[in-house]
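These notes are about the structure you will find just below.
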Amino acid sequence: MPADPAEAIALFRYRVIAEATNERLSPAERGLVVRELAAQIHELPDGSRKEFSRATLDRWIRACRAEGLDGLRPAPRSDIGAARVAPELIEEACALRRELPARSAEQISRILRARHSVRVAPRTIREHLRRRGLDRARLTSEPRVFGRYEAEHPNERWIGDVLVGPFVPHPRVAGSRRAYLFLLVDDHSRLLLHGRWMTEENTRAGQVVLRAAILRRGLPEHLYLDHGAPFANAALERTCAVLGIRLVHSQPYSPQGRGKQERLNRFIREAFLSEALHVGIETFGSLNDRFMAWAERDANTRVHAETGVTPISRFLAGGPPKLADPDLLREAFRWSVTRVVTRTAQVSLAGNRYSVEPALVGRRVELRFDPEDLSRIEVWCEGRSRGPAVPFVLGRHVHRTVPQAVAPPPPEPTGVDYLGLVEEQHDAETLGRLTYRDLTSDDEEPS
């Protein structure tokens, strides 16, 4: 083997392609030879065996024709001697980067070569700069500092989120359904305004929880939500616009500003969900009843570590909340569908039939209604109200897609049931057993 390793590699490469470099071969014949060489396993000078692709062999042939044996020598690596770069050059490279952070490693390499006639590979310079914390991304971008924010008074800012829970048996479908907890928390008091476990993570579920929270706690000034599908939709934008609520969405991949909600989610998992899973979850109805009792007696009455007071006392210290006008609230959460009036001057909705003006026969009309009260429907046509639709057959009072609580079966406590004790204490302090339907009725005064 020659003393020069590069020459040994060049001789080896020539032996491999020697047959294909014959000038008397036609292009077709040369291609056949190269394909045969690419299918073979060749023994390298160090004794190892390796295959070479058709593209590699063609590149060697072109290099041999252009430069002869020197063209088959391996190209010297640009980072050879990187470990032996003079420390003075590295220090000068660092000084050049500090002087102008926008200087690239390639530019610094050119400057060093012009000043000292020594080439230092850009990759070597880049690695040394990175180790010393002088990479361009760190020097050219200003560090972002996030301050702590807290609303000045209750109902100034509500934060909403969805917590993904376990699978829960469902009485109307076979098997179990994933439970999603829709939550709203007050930024000032850390009060858990309202929360409910849903079977779907959609727009309607989010509006159900928002409406119940407004009925119980009053109107917020700002609503701070993420960009999830339940919160980024035209229906929620319309609701906030009608009620005068400013809707703000957090920036994607920027969790800053949602720390209070995240801490509440962690507390719910540790203090409620773990206990609920320990004793077993029978139905969505029982899960929601227990969560309501736990939220009122535990989450909202514990002394908060940061504020030093209970969330409910800090919320009520701001005075009575601003209530929503019932008619305005109904308009904010109303639904709208279009129907064609039949020849008998009737329209259908959710299995119910309604009578409308005979003059509207055959025309397309818009039905505006509260999904939780199908007894009152307003008919609109060509941008004008045409009066109410009179129920002809009213078999369903609530739209089928509105989530409804299911009456839970009598609990059968086994062993230690902390949530059951909380629920019993909550029921003892209230008049009767409150259900979700009672809390979301239009006649109830917000607490």
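The values are calculated or read from the model by the stated rules, or taken from the named source; none is laboratory data. Bear in mind the structure is a predicted one, so any value in this text is a computation, not a measurement. Ideal geometry is used to build each Cβ from the backbone, glycine not excepted, and the neighbour counts take in all protein chains shown.
Brief remarks follow.
- Entry remark, region 204-239: residues being under 15 Å from LYS322 (Cβ atoms) and either touching a Leu at 6+ places or on another chain (Cβ under 6 Å) or not basic (Lys, Arg) (or both) number 10 in total.
- The requirement of being modelled with pLDDT under 90, out of contact with any Gly (no Cβ under 7 Å at 6 or more places or on another chain) and either of a type in the set (Val, Ile, Thr) or not in a loop (DSSP other than H, G, I, E, B) (or both) is not satisfied by ALA102.
- Applying a threshold of 8 Å to beta carbon distances and a minimum spacing of six or more residues, or different chains, the list of pairs starting in region 342-361 at a residue that is charged (D, E, K, R) and ending at one that is buried (at least 16 other Cβ atoms within 10 Å of the Cβ) reads ARG353/GLN346; ARG353/VAL347; ARG353/PRO391; GLU357/ALA345; GLU357/VAL379; GLU357/ARG386.
Results for (1) more than 30 Å from ARG131 (Cβ to Cβ); (2) modelled with pLDDT of 90 or more; (3) outside any loop (DSSP other than H, G, I, E, B), shown as yes or no for each residue.
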{"site": "PRO45", "(1), (2), (3)": "yes, no, no"}
{"site": "THR56", "(1), (2), (3)": "yes, yes, yes"}
{"site": "TRP60", "(1), (2), (3)": "yes, yes, yes"}
{"site": "GLU67", "(1), (2), (3)": "yes, no, yes"}
{"site": "PRO76", "(1), (2), (3)": "no, no, no"}
{"site": "GLU88", "(1), (2), (3)": "no, no, yes"}
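- Total residues in region 227-239, condition closer than 14 Å to VAL209 by Cβ, part of a helix (DSSP H, G or I) and among the hydrophobic types (A, V, I, L, M, F, W, C): 2
- So ALA232, is it farther than 23 Å from ALA151 by Cβ and among the aliphatic types (A, V, I, L, M): no
- Beta carbons closer than 6 Å, at least 6 apart along the sequence or on distinct chains, pair a first residue in region 1-14 that is closer than 9 Å to LEU72 by Cβ and of a type outside the set (Asp, Glu) with a second that is surrounded by fewer than 16 Cβ atoms within 10 Å (Cβ to Cβ) and modelled with pLDDT under 75 for PHE12/PRO45.
- Residue match in region 213-226 (condition: part of a helix (DSSP H, G or I), outside the structural domain of PRO371 (by TED's automatic domain parsing) and either in contact with an Asp or Glu (Cβ under 7 Å, 6 or more places away or on another chain) or surrounded by fewer than 21 Cβ atoms within 10 Å (Cβ to Cβ) (or both)): yes
- For GLN346, the criteria (1) farther than 22 Å from LEU236 by Cβ; (2) polar (S, T, N, Q); (3) surrounded by fewer than 17 Cβ atoms within 10 Å (Cβ to Cβ) hold in every case but one, which is (3).
- Long-range neighbours under 9 Å by Cβ, at least six apart or interchain, first residue exposed (fewer than 14 other Cβ atoms within 10 Å of the Cβ) within region 327-341, second modelled with pLDDT under 85 and part of a helix (DSSP H, G or I): LEU328/VAL242
- Across region 13-43, the number of residues qualifying as in contact with a strand residue (DSSP E or B) (Cβ under 7 Å, 6 or more places away or on another chain) and surrounded by 13 or more Cβ atoms within 10 Å (Cβ to Cβ) comes to 2.
- GLY31 at pLDDT below 80 and not acidic (Asp, Glu): no
- Cβ separations smaller than 9 Å between residues 6+ apart or across chains give the following pairs from region 138-167 residues that are under 15 Å from LEU223 (Cα atoms) and of a type in the set (Lys, Arg) to residues that are at pLDDT 85 or above and part of a strand (DSSP E or B): ARG157/ASP186; ARG157/HIS222; ARG157/LEU223; ARG157/TYR224; ARG157/VAL248.
- Evaluation of HIS399 against (1) modelled with pLDDT under 85; (2) surrounded by fewer than 17 Cβ atoms within 10 Å (Cβ to Cβ) (one fails), failing number: (2)
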